[in-house]
Amino acid sequence: MVPRSASVNEELRRRSRERLLQATVELVGERGYEATTLGDIADRAGAARGLVSYYFPGKRQLLQSAVHRLMHQTLEAALERPPRTDDGRERMARAIDAILGLAVDRPRLMRTHMAGILQAEGFVRCAEQQRLAELLRDTVVRYGSADVDTDYPLLRALLMGAVVAVLLPGAPMPSARLRAELFQRYGLDWELGVPPAGGPPGGTFPPLNR
């Protein structure tokens with residue numbers, strides 16, 4: 001048998017890690033965090049149990065990486081969907097809609113993710129998080145920020161706050177209202193991005209120009 005090349009081995013490892021991340025998103029979304037074990041994730045991914053520990057120090061870190069990967073994929077798809085545009089305001093609108101859309105479409109998963117970030121382990125920096133950060137930062141650049149180092153963290157904080165507000169147990173805020181406030185903050189027309197049915201709620205109309 002001819003030994004596999006280093007590049008082939010690297011590709012196999014990448015695919016195994018991707019399957020684990022995808023299985024985590026699926027299972028936590030279906031069952032919740034506590035009801036999902038690392039063994040369940042390995043089984044869903046078709047991987048050996050020890051492979052999970054090889055790539056990730058624990059379940060919380062695995063979940064954060066998995067959700068950051070999903071957020072990056074969702075944001076990238078929104079920014080690149082036809083008709084693709086380099087218009088900064090349209091790209092900002094698509095970014096806001098993509099992240100809010102995840103909170104609406106995957107509430108259990110995103111609530112679990114946000115709860116984990118607020119716990120003692122805090123924010124996990126990983127390759128998936130870095131790719132997401134680069135895409136959001138590029139959005140801020142294309143939007144025309146004069147101070148990206150300040151405006152990128154602000155956008156990230158505003159999006160995280162909006163996600164928490166959508167998912168707050170017992171007192172959730174309507175995503176359309178949060179969208180209107182974010183659009184007003186960034187001077188975006190309601191028709192940009194993927195607007196929900198109807199007009200801006202509560203008479204909140206974004207200004208036409210920044």
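Worth a mention:
- For segment 21-36, residues that are of a type outside the set (A, V, I, L, M, F, W, C), in a loop (DSSP other than H, G, I, E, B) and without any contact (Cβ under 8 Å) to a residue 12 or more places away in the chain total 1.
- Taking first residues from segment 42-68 that are over 23 Å from Ile117 (Cα atoms) and partners that are in a helix (DSSP H, G or I) and of a type in the set (S, T, N, Q), the Cβ contacts under 8 Å between residues at least 6 apart in sequence or on separate chains come to Ala45/Ser16; Ala45/Gln22; Ala47/Ser16; Leu51/Ser16.
- Hits in segment 117-144 (condition: under 16 Å from Ala157 (Cα atoms) and touching a Phe, Trp or Tyr at 6+ places or on another chain (Cβ under 9 Å)): Ile117, Gln129, Ala133, Leu136, Arg137, Thr139, Val140
- Across segment 73-83, the number of residues qualifying as open to solvent by 30 Å² or more (accessible area, probe 1.4 Å), within 25 Å of Glu18 (Cβ to Cβ) and either not small (Gly, Ala, Ser) or not in a helix (DSSP H, G or I) (or both) comes to 5.
The values are calculated or read from the model by the stated rules, or taken from the named source; none is laboratory data. Everything quoted here is computed from the prediction, not taken from an experiment. Counting neighbours? That spans all protein chains shown, and the Cβs are built from the backbone with ideal geometry, glycine included. SASA here: full protein model, heavy atoms, side chains in, ligands and nucleic acids out. Shrake-Rupley method; radii C 1.70, N 1.55, O 1.52, S 1.80 Å.
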